[in-house]
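**Q** Provided herewith is a single structure, encoded as structure tokens, for subsequent inquiry.
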Amino acid sequence: MIHKEWYSRGYLPHFDHQNLIQMITYRLSDALPEYVLKSLEIIAKDDTERRKQIEAYLDAGHGSCSLKDARVASLIEDALLHFDGKRYKLLEWVVMPNHVHVLVEIDADYQLSQIVHSWKSFTAKEANRILGISGGYWQPDYFDRFIRNDVHYANAVAYIHQNPVKAKLVTRPGDWPYGSAARRKL
């Protein structure tokens, strides 16, 4: 399969390369309203600060937070685990109330965009069914960052594990039931 390398769908830039480890974040459609995003673009000094402010906003639990429903959170986890070892290697993940973080190594036969699309498409239909709602469920795009080295990898793992603690949902990473930390009993 030929990978696209750098590309954009008009939103965020993406990097897709075979056997590359990626940290992916995607959020519910109502988790970060456009007016909040635009105000962060104005007040943030640079992309790093803007990203931190977005993360803080998401961790504050805005929007419907329907991922805190155990039925939906389990659906998301099951979807992530479904093709683990087949289309990608699922390394770490956490399902937060309004967003998802995934650390994954995509198989050479698949593209990052295909994988994320399959997660979001399947889970949107099923979550809408479970919750008895309709309409757009996920934001149109996702944020990805390729892992550059071992230090970056360790930081990404720590971030994913600590996200529920940082958001004050639990006091220990393994206490949040919807993620790799719980499965590893951290």
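Conditions tested, residue by residue: (1) within 18 Å of Leu67 (Cα to Cα); (2) crowded, with 17+ Cβ neighbours inside 10 Å.
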| site | (1), (2) |
| --- | --- |
| Ala124 | yes, no |
| Ile130 | yes, no |
| Ser134 | yes, no |
| Val151 | no, no |
| Ile160 | yes, yes |
| Trp176 | yes, yes |
| Leu186 | no, no |
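**Q** Let me ask something additional. Return the only residue of Glu5, Glu49 being farther than 30 Å from Asn128 by Cα, modelled with pLDDT under 85 and over 15 Å from the mean Cα position of the chain (by Cα). Please lay out each step first, then the result.
**A** On the way: Glu49 fails: modelled with pLDDT under 85.
Only one candidate passes the filter, namely Glu5.
**Q** Mind listing whichever residues of the range 28-64 are closer than 19 Å to Leu169 by Cα and basic (Lys, Arg)?
**A** Within the range 28-64, Lys52 is the sole residue that qualifies.
**Q** Just a yes or no: is a residue in the range 99-111 free of Cβ contacts under 8 Å to residues at least 40 places away in the same chain, out of contact with any Cys (no Cβ under 7 Å at 6 or more places or on another chain) and outside any strand (DSSP E or B)?
**A** Step one: of the range 99-111, the residues free of Cβ contacts under 8 Å to residues at least 40 places away in the same chain are none.
The answer is no; no qualifying residue exists.
**Q** Could you check, for the range 136-145, whether at least one of its residues is under 18 Å from Val102 (Cβ atoms), surrounded by 14 or more Cβ atoms within 10 Å (Cβ to Cβ), modelled with pLDDT of 95 or more and charged (D, E, K, R)?
**A** No: zero hits.
The values are calculated or read from the model by the stated rules, or taken from the named source; none is laboratory data. Here the structure is a predicted model, which means the values were calculated and not measured. Every residue, glycine among them, receives a Cβ derived from its backbone with ideal geometry; neighbour counts consider all protein chains shown.
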